[in-house]
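Colleague: This structure is in structure tokens; I'll ask about it shortly.
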């Protein structure tokens, strides 16, 4: 499934670039002279967790993560700072889910936690663009983002002993990516792919310091891939 989605995304991007290159006329010739412009994006993501374990009272701790695909949608505001540099805001919603397997626990009802998450995702990005060639313009993205986790359960008094896996509500990420602007007749289409990496530890530890679920965890932070399709 993962390979099919990636291949489909690659096919769509390649087809759009090929179409843009065949255009003899330069579309939207004054688009990049705007100081400020807006748009929106749709996309998909696959979010995993980077997981580091530590020595604890739990012997032979073994935890694994199974990610699934999610979706992302949001708005775009881009401020041109220089002909090749822009500041870009992309507030949006990100939804995904993951299964966490605690393989050292003998009872299946206690060994799996399904984490469904919906985030307010607010990236602040710098966009470094090449000079335009006909109707295409490749670019790099880099910046940081703030995520508000609506599904964190951080304030829940119950923890894993009652079946509740808790995470931090406020999280910070850094992002890097590549993309290409494709100038069409009436709008600019911009597919991009980027990596998203957590800065802070997102797990909220159980009240019991020797919890079988959280005591072995030294760090657990988001590590994801976003495939976005922007319309500007």
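Colleague: Classify the range 131-232 as rounded, prolate or oblate, taking a ≥ b ≥ c as the square roots of the eigenvalues of its Cα gyration tensor: rounded when a/c is under 1.5, otherwise prolate if a/b is larger than b/c and oblate if not.
Modeller: Prolate, because a/c is 1.5 or more and a/b exceeds b/c.
Colleague: Based on DSSP H runs of at least 4 residues, each adding -39500 (n - 2.57), what is the mean residue ellipticity at 222 nm of the chain after dividing by all its residues, to the nearest 500 deg cm²/dmol?
Modeller: Theoretical 222 nm ellipticity from helices: -3500 deg cm²/dmol.
Colleague: Of the labelled options [x] 17.2; [y] 17.8; [z] 19.5, which one gives Kirkwood radius over Cα pairs in Å as computed for this structure?
Modeller: This structure yields the entry labelled [z].
Colleague: Give me the percent relative contact order of the chain, please, defined on Cα pairs under 8 angstrom at least 6 residues apart.
Modeller: Relative contact order, the chain: 23 percent.
Colleague: At 0.36 nm per residue, minus the direct Cα-Cα distance, what do residue 162 and residue 82 gain on full extension? Give it in nm, one decimal, please.
Modeller: Computed gain between residue 162 and residue 82 is 23.4 nm.
Colleague: Something else: Taking 0.36 nm per intervening residue step and subtracting the Cα-Cα distance, what contour gain separates residue 28 from residue 71 on full extension?
Modeller: 12.5 nm
Colleague: So how far apart, in nm, are the two label points at residue 169 and residue 50 if each is 7 Å from Cα heading toward Cβ?
Modeller: The two pseudo-label positions are separated by 2.6 nm.
Any read-out appearing in this document is the output of simple, stated calculations on the displayed coordinates, not a laboratory observation. Please read all numbers here as calculations on a predicted model, not as lab measurements. Neighbour counts run over all protein chains shown; Cβ positions are idealised from the backbone, glycine included.
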